[in-house]
């Protein structure tokens, strides 16, 4: 099972995204020699979220795939099973490497999502991973109980959502790094834990409430870390990205 650092490309448009990624892959006009990066020299795994996808549509996925990037399409589908199945069939046709739904949609919705995704991706040899969001890393215990009226501890809720995702045939979940070890214990080491909410010791938590450093996420058992502003808003993004890889992957 592979591990990697996924860069959250939360930009307004394709031009901003490509310009930033070029900064990650070039130093003084020389391509960075990073043969260990997942796809090609200097081509990091990237996440396309709602803002960028809604602005640009499928063209942004095509553009980044053509440039040699693996793509995690982070749209968090959550609707009735039939609607999600049809939407996932469309997303599967894009050739993405990972896509997600909200686990709160239930087991039948997640099963429908998997079925639709596999239909859409039928022509690809490498099938996309389907993962489920357990609880957002901006959600804390007070929000869980006071606003969502879920009167169970966060760890218990996340664990159950992960078990539901596994029963539905999904490949893993999006969770806080705090829950990664417990999820692996419940669902197996090959069940993926994709963890946002990653910050350096000196970084602001912004709107995240359950955060860890890359090194802490490694120790906690995360399989993939998703890193946004600590890299994309850094004065020297290449150095920040390199630090993430060194702290999380050891290279």
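The values are calculated or read from the model by the stated rules, or taken from the named source; none is laboratory data. Note that the coordinates shown come from a computational prediction; the quantities given were computed from them, not determined experimentally. Positions of Cβ are generated from backbone atoms using ideal geometry, with glycine treated the same way; all protein chains shown enter the neighbour counts.
Selection of the range 51-77 for residues being crowded, with 18+ Cβ neighbours inside 10 Å and more than 22 Å from residue 4 (Cβ to Cβ) yields 56, 77. Exactly one residue out of 136, 117 is without any contact (Cβ under 8 Å) to a residue 60 or more places away in the chain and either in contact with a strand residue (DSSP E or B) (Cβ under 6 Å, 6 or more places away or on another chain) or at positive phi (or both): that is 117. Evaluate the range 8-24: report whether one residue or more is under 21 Å from residue 134 (Cβ atoms), modelled with pLDDT under 95, under 18 Å from the mean Cα position of the chain (by Cα) and not in a helix (DSSP H, G or I). For the range 8-24, residues under 21 Å from residue 134 (Cβ atoms), modelled with pLDDT under 95, under 18 Å from the mean Cα position of the chain (by Cα) and not in a helix (DSSP H, G or I): present. Figure legend. Inter-residue proximity from the range 15-33: first residues on the phi > 0 side of the Ramachandran plot and surrounded by 15 or more Cβ atoms within 10 Å (Cβ to Cβ), second residues at pLDDT below 50 and outside any helix (DSSP H, G or I), beta-carbon distance below 9 Å, spacing 6+ or different chains. No pairs are indicated. Take residue 32 and decide whether it is closer than 15 Å to residue 251 by Cα and at pLDDT 95 or above. Judged against the criteria, residue 32 is not a match. Counting only helices (runs of 4 or more DSSP H) wholly contained in the range 143-251, the ones carrying 3 or more residues that are in contact with a helix residue (DSSP H, G or I) (Cβ under 9 Å, 6 or more places away or on another chain) and over 16 Å from residue 104 (Cβ atoms) occupy 180-187, 214-220, 229-232, 237-249. Evaluate the range 78-85: report whether one residue or more is modelled with pLDDT under 95 and either under 14 Å from residue 226 (Cβ atoms) or surrounded by 14 or more Cβ atoms within 10 Å (Cβ to Cβ) (or both). Among the residues of the range 78-85, not one is modelled with pLDDT under 95 and either under 14 Å from residue 226 (Cβ atoms) or surrounded by 14 or more Cβ atoms within 10 Å (Cβ to Cβ) (or both), which makes the answer no.
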